[in-house]
Amino acid sequence: MKPGIHPKGYRPVVFQDVAIDKRWIMMSTVQTDQTTVWEDGRTYPIYKVETSMYSHPLYTGTQRIIDTEGRVEKFNKKYRTKHATGSTRADTIA
């Protein structure tokens, strides 16, 4: 291996997926100020992520419904305006 190109500071870090509250430990160089006590009783740095391989639909094969209204309906509801002729803006576009 080439000397001097590899990052220093590999250490065990606890990663927490906040979407499903799953935690796992792996080696990383990520910097964080927060710590947590792992199942073995030792203290490790913790890094919180919003999406991981445990919660992302691509990896899990399932989708979670976040909002009940579709994006197109939301857009039409937000930007629909009345014209002087009485027709709505969405009607004149479509």
Worksheet item: Applying the selection to the range 1-45, what residues are over 23 Å from the mean Cα position of the chain (by Cα) and assigned to a strand (DSSP E or B)?
Response: Arg11, Val37, Thr43
Discussion item. For the range 19-32, give me each residue that is at pLDDT 90 or above and aliphatic (A, V, I, L, M).
Written reply: Ile25, Met26, Met27, Val30
Worksheet entry | One residue from Lys48, Lys74 being within 14 Å of the chain's Cα centre (by Cα), surrounded by 11 or more Cβ atoms within 10 Å (Cβ to Cβ), at pLDDT below 95 and of a type in the set (Lys, Arg) | Lys48
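The values are calculated or read from the model by the stated rules, or taken from the named source; none is laboratory data. Since the structure is predicted, the reported quantities are computational estimates derived from the model, not experimental observations. Note: ideal-geometry Cβ built from the backbone for every residue, glycine included; neighbour counts use all protein chains shown.
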